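Chemist: What follows is a single structure, and I will ask about it in a moment.
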Amino acid sequence: MKIRISRLLLGAAIVLPVAALGQTGHATVKIVSPANGATLSGPVKVVLQATGVEIVAATVERPGTGHHHLFVDHDLTPVDDTIPRGVTGILHLGRGQTEFVLDSLKPGPHRVIALVANWKHIPLKPLVVDTVRFTIK
Ligand SMILES: [Cu+2]
């Protein structure tokens with residue numbers, strides 16, 4: 001009986017870290033809207049869908065969580081650094097939003113990169129990122 005119990009415990013000890021790894025390792029974000037390659041008129045509602053990471057407010061300091069960032073016609077900043085605030089074209093959805101309306105895009109081609117970062121505003125690793133390009137009429 002004792003042997004069976006310790007085998008069970010050993011099994012649980014092995015399974016748990018693998019499950020935890022799987023959670024962070026497979027986190028993804030998708031820009032559901034607008035569609036890549038779309039031509040549309042503004043304003044543009046960006047809709048985000050994340051898996052494998054819980055989207056929360058930036059004030060929540062808990063592993064396995066993060067909040068969305070949008071880089072609008074702006075390159076990614078260095079991925080080991082804090083995503084800056086107060087920069088035109090870089091948006092922190094710090095209240096845990098999963099949608100954001102871009103209402104001041106000019107006609108022409110645009111690129112939006114979505115990136116999930118933790119409460120320190122440092123991107124999750126591996127990167128949880130998606131890009132769409134679209135055109136405003
Ligand atoms: Cu942030």
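Chemist: Among Asp75, Asp80, Asp103, Asp130, which is the only one that is within 15 Å of the ligand (Cβ to nearest atom) and in contact with a strand residue (DSSP E or B) (Cβ under 9 Å, 6 or more places away or on another chain)? Break it down into steps so the answer makes sense when it comes.
Modeler: Values: Asp75 fails: within 15 Å of the ligand (Cβ to nearest atom); Asp103 fails: within 15 Å of the ligand (Cβ to nearest atom); Asp130 fails: within 15 Å of the ligand (Cβ to nearest atom).
Only one candidate qualifies: Asp80.
Chemist: Taking the stretch 32-65 on its own, how many of its residues are at positive phi and either within 13 Å of the ligand (Cβ to nearest atom) or loosely packed, with under 15 Cβ neighbours inside 10 Å (or both)? Even if it seems obvious, please write down each step before you answer.
Modeler: Filtering the stretch 32-65 for residues at positive phi gives 37, 52, 64.
Now restrict to residues that are either within 13 Å of the ligand (Cβ to nearest atom) or loosely packed, with under 15 Cβ neighbours inside 10 Å (or both): 37, 64.
Total meeting the criteria: 2.
Chemist: Could you tell me whether the stretch 83-92 includes any residue that is under 11 Å from the mean Cα position of the chain (by Cα), surrounded by 12 or more Cβ atoms within 10 Å (Cβ to Cβ) and closer than 25 Å to His26 by Cα?
Modeler: yes
Chemist: The conditions are (1) open to solvent by less than 80 Å² (accessible area, probe 1.4 Å); (2) over 15 Å from Ile122 (Cβ atoms), and Val79 fails exactly one of them. Which is it?
Modeler: (2)
Chemist: Same structure again: Filter the stretch 112-135 for residues that are free of Cβ contacts under 8 Å to residues at least 60 places away in the same chain and surrounded by 14 or more Cβ atoms within 10 Å (Cβ to Cβ) and give the result.
Modeler: Ile113, Ala117, Asn118, Ile122, Pro123, Leu127
Chemist: Residue check, Asp75 against (1) in a strand (DSSP E or B); (2) without any contact (Cβ under 8 Å) to a residue 40 or more places away in the chain, all met but one. Which one?
Modeler: Single failed check for Asp75: (1).
Chemist: Every residue in the stretch 92-137 that is among the hydrophobic types (A, V, I, L, M, F, W, C) and part of a loop (DSSP other than H, G, I, E, B), please. If you could, list the steps in order and put the result at the bottom.
Modeler: The first filter runs over the stretch 92-137 and keeps only residues among the hydrophobic types (A, V, I, L, M, F, W, C), leaving 93, 100-102, 105, 112-117, 119, 122, 124, 127-129, 132, 134, 136.
Of everything in the stretch 92-137, those that are among the hydrophobic types (A, V, I, L, M, F, W, C) and part of a loop (DSSP other than H, G, I, E, B) turn out to be Leu93, Leu105, Trp119, Ile122, Leu124, Leu127, Val128.
The values are calculated or read from the model by the stated rules, or taken from the named source; none is laboratory data. If you're wondering where the values come from, they're calculated on a predicted model, not measured in any experiment. Don't worry about glycine lacking a Cβ; one is built from the backbone with ideal geometry, like all the others, and counts go over all protein chains shown. Protein only, heavy atoms only, side chains kept; ligands, DNA and RNA dropped before computing areas. Shrake-Rupley method; radii C 1.70, N 1.55, O 1.52, S 1.80 Å.
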